[in-house]
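Readers should treat all values here as calculations from the given coordinates under stated rules, not as data from a laboratory. As the structure is a prediction and not an experimental result, all values here were calculated from the model. All Cβ positions, glycine included, derive from the backbone under ideal geometry; neighbour counts span all protein chains shown.
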Amino acid sequence: MGLGTWQRRTGPIVLSVKVNIWQFVPMSLSRGKLVAGLTATTLAAAFLVRRSYALSSSMPKYTLHVYDHCPFCIRVELLCGIFGINYDRVVYGYGEGAPAEKHGYGDGPVKLTGKKMLPVLEGPGVPKPSNMVGMPESLDICSYLIAHHKLNVPCATGRLDKWKQRFNPVKSKLSRPRIIKVPVKDWEKEEDVAYAKQKYEGNGFNYEAALAETPALLDEMNKLLLELDGFLDGDESIYSWGLSMEDITLLPDMKTLSVVDGIVWPPKVRKWIDAAYGKCASQMELYDNYKC
């Protein structure tokens with residue numbers, strides 16, 4: 001008598017706690033002055049709302065330093081968004097911290113770790129080298145968050161590795177000439193775009209040739225996405241047992257690809273994408289509105 005169960009959902013996690021309702025009821029009510037219709041369930045609900053807010057406010061508040069377009073940064077943002085982990089988002093121009101001879105400017109992320117690298121996670125208790133402001137490396141950050149918040153995120157199996165070997169070159173040719181046109185902080189200055197183009201052209205990428213190949217590349221990509229549709233076993237995940245690191249590492253490529261006009265998203269792939277990014281809408285968005 002007087003026992004109830006409190007449940008709170010945080011993303012896919014449900015916390016369930018047995019509580020003695022009467023210990024949270026004011027003394028005047030517990031002495032028999034319950035008003036008509038005010039049941040134990042109602043009283044429990046009132047307490048649970050208060051308790052839910054208390055739990056939310058007690059969660060560590062992180063600062064995550066990112067580029068909006070960076071697939072490694074997006075991994076961490078997806079993990080946080082899907083599991084309801086709160087963070088403040090700091091976005092940098094892509095040329096910030098690069099050498100002046102490469103069109104760079106300012107310190108940017110260099111002041112965080114000594115290197116021009118993102119993401120970087122700051123927060124209470126986050127492990128970091130003594131000479132750094134926060135923790136670098138996307139998979140290290142994901143591993144820490146999974147362990148610290150006791151998340152259930154199975155490892156990747158590698159089942160899609162051969163498919164990715166065919167997918168990645170096509171994705172790069174389609175997205176690289178277009179993503180620099182998206183109106184986000186990454187490309188706010190001319191130097192940001194100039195730095196990116198010099199970087200990739202220095203590695204042999206030809207922007208004009210990639211654009212000229214668009215019709216053939218789109219045909220190939222749409223076939224690859226149909227193959228991916230056949231791999232998806234879960235309702236909102238690659239595997240039937242739920243979200244895994246396979247999802248966390250592949251979903252960023254879907255955001256990258258969303259900038260490309262002419263992509264035909266198969267139904268299961270689109271549902272998978274929208275389910276994940278819908279949980280992250282308060283911090284980041286897909287590039288559907290900027291496709292070109």
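The stretch 236-286 and the stretch 176-227 have Cα centres lying 20 Å from one another. Need one word for the stretch 111-255: rounded, prolate or oblate. Basis is the Cα gyration tensor (sqrt eigenvalues a ≥ b ≥ c); a/c below 1.5 gives rounded, then a/b vs b/c decides. Taking the square roots of the gyration eigenvalues as a ≥ b ≥ c, the stretch 111-255 is oblate. The listed peptides 86-93, 220-227, 160-167, ordered by packing as a protection proxy, come out as 86-93, 220-227, 160-167 (highest mean of other Cβ atoms within 10 Å first). Phi angles across the stretch 162-174 convert, under the Karplus curve 6.51 cos²θ - 1.76 cosθ + 1.60 with θ = phi - 60°, into 3J(HN,Hα) values of 5, 5, 5, 4, 7, 6, 4, x, 5, 4, 4, 5, 6 Hz, Gly and Pro given as x. Here's the picture: a label point sits 7 Å out from the Cα of TYR105 along the beta-carbon direction, and within the stretch 172-202 the residues with their amide nitrogen under 18 Å of it are 180-199.
Taking the fewest neighbouring Cβ atoms within 10 Å as the starting point, the ordered list for VAL193, VAL260 is VAL193, VAL260. Note on LYS128: aspartates and glutamates with a C-alpha under 16 Å away, same-chain residues under 8 apart excluded, are GLU137, ASP140.
Derived scalar couplings between HN and Hα for the stretch 228-238 equal 4, 4, x, 7, 6, 9, x, 5, 9, 7, 5 Hz in order, rounded to whole Hz, by the Karplus curve 6.51 cos²θ - 1.76 cosθ + 1.60 (θ = phi - 60°), x for Gly and Pro.
In this entry, the stretch 121-188 is assigned a mean projected area of 7.6 nm², taken as a quarter of its C-alpha convex hull surface. Note on ASN86 and TRP163: the model spin-label points, each 7 Å out from Cα along the C-beta direction, lie 3.7 nm apart. Please state the shape class of the stretch 207-292: rounded when a/c is under 1.5, otherwise prolate if a/b exceeds b/c and oblate if not, all from the C-alpha gyration tensor. Oblate, because a/c is 1.5 or more while a/b does not exceed b/c. Look at LEU139, LEU121, LEU145, LEU228 and count the other Cβ atoms within 10 Å of each Cβ; fewest to most, that gives LEU139, LEU228, LEU145, LEU121.
Straight-line cross-link partners of LYS223 among the aspartates and glutamates, defined as a Cα under 19 Å from its Cα and at least 8 positions apart when in the same chain: ASP161, GLU213, ASP233, ASP253, ASP261. Taking a point 7 Å from the Cα of SER143 along the Cα-to-Cβ direction, the residues of the stretch 236-268 with backbone N closer than 17 Å to it are 245-246, 248-249. Overall shape: prolate for the stretch 62-148, with the ratio a/c of the largest to smallest alpha carbon gyration tensor axis at 1.5 or above and a/b above b/c.
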